[in-house]
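Chemist: The following block contains the structure, expressed as structure tokens.
Read-outs throughout are calculated quantities, based only on the coordinates presented, and are distinct from any laboratory measurement. Here the structure is a predicted model, which means the values were calculated and not measured. Cβ atoms come from the backbone with ideal geometry, glycine included; neighbour counts cover every protein chain shown.
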Amino acid sequence: MQESTIPGFRFVPRTGVIYVMHEAAQHGFSYDDPHWANLGQGSPETGPIAEAPARIESLTIPATTQQYGPVAGNGDLRQAVADFYNTTYRHDKKSLYTRDNVSIASGGRLALTRLASALGNVNMGHFIPDYTAYEELLSVFKAFTAIPILLDAEAGYKIPLPALKKEILGRGLSALLVSNPCNPTGQLIEGEELRGWCGLARECQCSLIIDEFYSHYIYNSSASEPSKMVSAAAYVDDVEADPIIIVDGLTKNWRYPGWRISWTLGPKAVIEAIASAGSFLDGGANHPFQSIAAKLLDSQLAAQETAAIQKHFGKKREYVLARLKQMGITVDAEPTGAFYIWANLSNLPKPLNNGISFFRQGLKEKVIIVPGVFFDVNPGSRRAHSRYENYCRISFGPEMKKLETGLDALERVIKKFQS
């Protein structure tokens, strides 16, 4: 990609997934081609799976929803989101969410963009590795300064609570962005650990912005235990006073990525600020889809979908981990959430031990992965040294047949370079 030479415009890099999809298209990739396997894009399979609720395949669009919707979102959907969190996580709490604590947006990136545009002149902490789209998001808004916090492979890509407190106080953080479970490592903060994070946000007066888009994909329960969802909402004491902001949507946890419906949950003051940001950034989410989306927030339907997801995706997780082990690809910390494998390529023969090279060789065999360097979130390219050159992210989001096709392709790539 070349720097822009058009007066007034800057070079805008593609996010990791968009970059690899663009490159794959140059090699003939098509969603309709059965010989290609897309193990790069972060999309769950959207068709029926065993024991899940029936998929919505048609909708009626009332005339009233063909008008502009409120920038903050449809009132019924906002209330449905609030009710879902109150029922699922806060049945024993006096402080409950209302529609005034919810804002609707067109997908997770836009929800996070609204939040970023509403931040003041503060230090904003973020982790490495993390979601590739965070990089440009943290670069484009100049009011705050992005401060990286490195997570070590030796520690399982997690940070102890005392160390986190030291980072917040020592770096003067007023906000902290985190994906939970993490994209790409699949590591999960839950239970007393998550309670501790929320307590730290209150104690240090540091706004905790939590991307919970994979919070229904949890794999550390035994077969005899019921499925569970994880959210910081369970550990918020006062929905108006606690500086905890949650972002989620239908994309992953409900498996409707094409609907582009997300929500932000937090204190009213935050919701009002991001609604103001939405008034100039985007003007509001898709109106017709919002009227039917509220039905998906029924707690029983969500629980049924979650149980089906964890059973179905859990099997795919085990399959992919076993296949990668056979190929000599290691995993520093097995994922306990999301649907990605953060794969360590160091033991592969050259040049496959480099994520970019492995990706390019994969394209020749019609399989797509994402090189690890894209998860080295580096806003403004302030660091010259790039981490994670020996890593890649492999998604087990697609259906099993595609996983088999893609892993067979990776196996062929490796065999080409084995002596």
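Chemist: What do you get when you divide the Cα radius of gyration of the chain by 2.2 N^0.38 Å, with N the number of residues?
Modeler: The reported ratio for this selection is 0.96.
Chemist: Could you tell me the calculated FRET efficiency between ARG412 and ARG10, based on Cβ-Cβ distance and R0 = 56 angstrom, to the nearest 0.05? Please report the intermediate quantities before stating the final value.
Modeler: Values: r = 40 Å, r/R0 = 0.72.
Once the sixth-power term is evaluated, E becomes 0.90.
Chemist: Could you order the peptides 335-348, 382-395, 155-168 from most to least packed, using the average number of other C-beta atoms within 10 Å per residue? Write out the running numbers ahead of the final one.
Modeler: Numbers: 335-348: 22.9, 382-395: 18.6, 155-168: 16.3.
My ranking of the peptides, most packed first, is 335-348, 382-395, 155-168.
Chemist: So which residue, out of GLY73, GLY191, GLY266, gets the largest mean-square fluctuation from a GNM of the chain using Cα contacts under 10 Å as springs?
Modeler: Maximum fluctuation in the GNM of the chain, among the listed residues, is at GLY191.
Chemist: Further question on the same structure: Could you give the nm distance between label points at THR64 and HIS27, where each point is 7 Å from its Cα heading toward the beta carbon?
Modeler: It works out to 5.1 nm between the two label points.
Chemist: List, in the order given, every pair from LYS364/LYS415; LYS93/LYS165; LYS228/LYS252 whose Cα-Cα distance in the structure shown is over 21 Å.
Modeler: Cα-Cα > 21 Å for LYS93/LYS165; rest within.
Chemist: Treat each spin label as a single point 7 Å out from the Cα along the C-beta direction, and report the LYS350 to LYS401 distance in nm.
Modeler: If labels sit at LYS350 and LYS401, their model points lie 4.1 nm apart.
Chemist: Could you work out [θ]222 nm for the chain from helices alone, using -39500 (n - 2.57) per DSSP H run of at least four and dividing by all its residues? Round to the nearest 500 deg cm²/dmol.
Modeler: -11500 deg cm²/dmol
Chemist: From the backbone phi of segment 113-120, what are the Karplus-calculated ³J(HN,Hα) couplings (6.51 cos²θ - 1.76 cosθ + 1.60, θ = phi - 60°) in whole Hz, Gly and Pro given as x?
Modeler: 5, 4, 4, 4, 6, 8, 6, x
Chemist: Same structure again: Straight-line reach only, C-alpha to C-alpha below 18 angstrom: list the aspartates and glutamates that LYS416 could link to, leaving out same-chain residues fewer than 8 apart.
Modeler: The reachable aspartates and glutamates, counting only those whose Cα sits under 18 Å from LYS416, are GLU365, ASP408.
Chemist: What share of all Cα pairs of segment 202-326, in percent, falls into each consecutive 5 Å distance bin?
Modeler: 2, 9, 15, 18, 18, 15, 11, 7, 4, 1, 0
Chemist: Taking the simple approach of a point 7 Å from Cα along Cα-to-Cβ for both HIS91 and ARG387, what is their distance in nm?
Modeler: Once both label points are built, they end up 4.1 nm from each other.
Chemist: Under the 0.36 nm per residue contour assumption, what length would be gained going from the current alpha-carbon distance of LEU161 and ARG360 to full extension?
Modeler: Once the chain is fully extended between LEU161 and ARG360, it gains 67.7 nm.
Chemist: May I pose another question? Please list, by residue number, every one of the GluC sites (Glu not before Pro) in segment 178-266 that is coil in DSSP and has at most 16 other beta-carbon atoms within 10 Å. Could the numbers behind the result be given before it?
Modeler: Numbers: sites: GLU190, GLU192, GLU193, GLU203, GLU212, GLU240; in loops: GLU190, GLU212, GLU240.
Filter output for segment 178-266: GLU240.
Chemist: Can you quote the Å³ per residue value for the convex hull of the Cα atoms in segment 1-146, rounded to an integer?
Modeler: In segment 1-146, the Cα convex hull volume per residue is 248 Å³.
Chemist: In degrees, nearest 10, range 0 to 90: what is the angle between the Cα axis of helix 16-26 and the longest Cα principal axis of the chain?
Modeler: 50
Chemist: Roughly what % antiparallel, to the nearest 5, for the DSSP beta bridges in the chain?
Modeler: Expressed as a percentage, antiparallel bridges in the chain total about 45.
Chemist: To the nearest 10 degrees, how steeply does helix 268-281 sit against the main Cα axis of the chain, on a 0 to 90 scale?
Modeler: Once rounded, the angle reads 60 degrees.
Chemist: Pulled fully out, how much extra length does the chain show between ARG55 and GLU240, if you take 0.36 nm times their separation in residues and subtract their Cα-Cα distance?
Modeler: Full extension from ARG55 to GLU240 adds 63.1 nm.
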